[in-house]
Amino acid sequence: MQSDFRQNFLFAGFVFDVNSAYFDNHGGYEFAKQFYADAYKAAVQIVGCEQYILSAVMHADEINRAMTEALGREVYHYHLHVVYVPVVKKQILWSKRCKDKALVGTVKETVMQV
C-alpha cells in the first residue's frame, strides 16, 4: 500500500492579498508594512495562538503590470503568506472504567490536538 503524502504533512495556510492600488494610494511600502503587521495579528487570532504559526512572510515579488504601465514606474504587488499547524480543542471524557461512575461521560480534560 502506497502512503498518501498528504497524510504526512499536517499544515495549512492562507494569503492576505490586497490590490496594489490600495497601498500605492495610501503611502506605498511603509503603509503596506503596517497593514500586514496588523494582518499578522489577525492571523494569530484566526489560528488561535502564535506558537502554531510556522511561517508568515510579507513580500512583493510580483510587479503589477497594469499599474506599472499606467503610472510609468514599477508598482509591486504585496501579499502575506501564512503557514500554520491547524489545532483544535478536543475534550477527553471519563471512560466507563472510571471508579466514580458519576464522572463517566463527563469532561476529564481539554487538550489541543493537531
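The values are calculated or read from the model by the stated rules, or taken from the named source; none is laboratory data. Note that the coordinates shown come from a computational prediction; the quantities given were computed from them, not determined experimentally. Virtual Cβ from ideal backbone geometry, glycine too; neighbours counted across all protein chains shown. Note: accessible area is taken over every heavy atom of the protein model, side chains too, but ligands, DNA and RNA are not part of it. Shrake-Rupley method; radii C 1.70, N 1.55, O 1.52, S 1.80 Å.
Picking from residues in the stretch 52-82 that are open to solvent by 50 Å² or more (accessible area, probe 1.4 Å) and β-branched (Val, Ile, Thr), the one that is farthest from Ala37 (Cα to Cα) is Ile63.
Met112 meets all of the listed conditions (1) within 22 Å of the chain's Cα centre (by Cα); (2) outside any strand (DSSP E or B) but one, namely (2). Within the span defined as the stretch 36-50, one or more residues are of a type in the set (S, T, N, Q), free of Cβ contacts under 8 Å to residues at least 60 places away in the same chain, assigned to a helix (DSSP H, G or I) and surrounded by fewer than 12 Cβ atoms within 10 Å (Cβ to Cβ).
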